Amino acid sequence: MNQHIALMPRVIGSLFYYSPDSPQVNALIPQIESLSELFEWRDRVKIGQICQNIELPKEDQLIWQFSVLFEGQGEMVAPPWGSVYLDKDNLLMGDSTVAYRHFLATNGIAFVSDVCQPEDQFGLMLLAAAQLLEQEKTEAVKALLEQHLMPWSYRYLECLANNTISPFYAALANIATLFLQDLQTQYALKPAELRLRF
């Protein structure tokens, strides 16, 4: 896998992991329309249309939407953690999280952040993929995607794309889905077929 591909998982991962009022996302939001130029999309026209039509709410509304969708105020329509989809009781920090934590340790990845989230948060997993891409650890990237992220992420992104809370994050879910589909095709990835429980 080419190192330049790391830019997209870093951008998408940041948008899914950090609050809109964080420095990381504040710098990215004005650049969202240019996402169609940052990757060799199979359907650049479709991505361009999604990016141009993204509705950006006022900052306080976007912060609230992020909090509801990613931090959990009340019932979550699209929990962003893999264990919710993969573990039988839909719990955070389940067996799948432990397995992924072992994978991270084996590959020398440790996160230091003021954001307290389990390691199997969707955006954080993309940031891990970006780090591995930057280190040119191709086999580790494939293992992360096939074994730990893709088995549940399409279902998560489907839920997020259908949410009625935030058209902004629904559009980002569509972009992330197309990115993962393009990666899957481009690198002939074969995601593990695991039972989904959400």
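The values are calculated or read from the model by the stated rules, or taken from the named source; none is laboratory data. This is a predicted model, so every value here is computed, not measured. Note: ideal-geometry Cβ built from the backbone for every residue, glycine included; neighbour counts use all protein chains shown. Accessible surface is based on the protein model in full, side chains and every heavy atom, while ligands, DNA and RNA are left aside. Shrake-Rupley method; radii C 1.70, N 1.55, O 1.52, S 1.80 Å.
Here are the numbers for this structure:
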{"quantity": "Value of relative contact order over the range 63-198, rounded to a whole percent, pairs C-alpha under 8 Å and six or more apart", "calculated": "29 percent"}
{"quantity": "GNM flexibility winner over the chain from Pro30, Pro20, Pro151 (Cα, springs under 10 Å)", "calculated": "Pro30"}
{"quantity": "Summed residue charge, Cβ within 14 Å of Tyr100's Cβ, Lys/Arg positive, Asp/Glu negative", "calculated": "-4"}
{"quantity": "Neighbour net charge for Cys51 - beta-carbon separation under 11 angstrom, K R +1, D E -1", "calculated": "0"}
{"quantity": "Accessible area (Å², 1.4 Å probe, nearest 10) - Glu158", "calculated": "90 Å²"}
{"quantity": "Label-point gap, in nm, between Ala27 and Asp43 - each point 7 angstrom along Cα→Cβ", "calculated": "3.2 nm"}
{"quantity": "Percent accessible area from carbon and sulfur atoms, the chain, protein chains only, probe 1.4 Å", "calculated": "49 percent"}
{"quantity": "Per residue accessible area of the chain, 1.4 Å probe, in Å²", "calculated": "49 Å²"}
{"quantity": "Accessible area, probe 1.4 Å, largest first, for residues His148, His102", "calculated": "His102, His148"}
{"quantity": "Gyration tensor (alpha-carbon) shape descriptor, the chain, a/c threshold 1.5", "calculated": "rounded"}
{"quantity": "Cleavage-rule hits, trypsin sites (Lys or Arg not before Pro), the range 82-184, DSSP coil, Cβ neighbours within 10 Å at most 11", "calculated": "Lys88"}
{"quantity": "Sparse-neighbourhood loop sites, GluC sites (Glu not before Pro) in the range 43-79 - DSSP loop, at most 13 other Cβ within 10 angstrom", "calculated": "Glu55, Glu75"}
{"quantity": "Separation between Cα centres of the range 124-198 and the range 84-111, rounded to whole Å", "calculated": "15 Å"}
{"quantity": "Calculated [θ] (222 nm, deg cm²/dmol) that DSSP helices of n ≥ 4 give over the chain, each run adding -39,500 (n - 2.57)", "calculated": "-15000 deg cm²/dmol"}
{"quantity": "The range 126-198: relative contact order as a whole-number percent, Cα under 8 Å and 6+ apart", "calculated": "33 percent"}
{"quantity": "Global geometry of the range 71-120, whether rounded, prolate or oblate, following the gyration tensor of its Cα atoms and the 1.5 cut on a/c", "calculated": "oblate"}
{"quantity": "Percentage relative contact order, the range 30-130, counting C-alpha pairs under 8 Å, at least six apart", "calculated": "16 percent"}
{"quantity": "Low-density loop cleavage sites - trypsin sites (Lys or Arg not before Pro) in the range 1-55, where at most 15 other Cβ are within 10 Å (DSSP)", "calculated": "Arg42"}
{"quantity": "Surrounding net charge for Ala170, when Lys and Arg each add one and Asp and Glu each subtract one, Cβ distance under 14 Å", "calculated": "-2"}
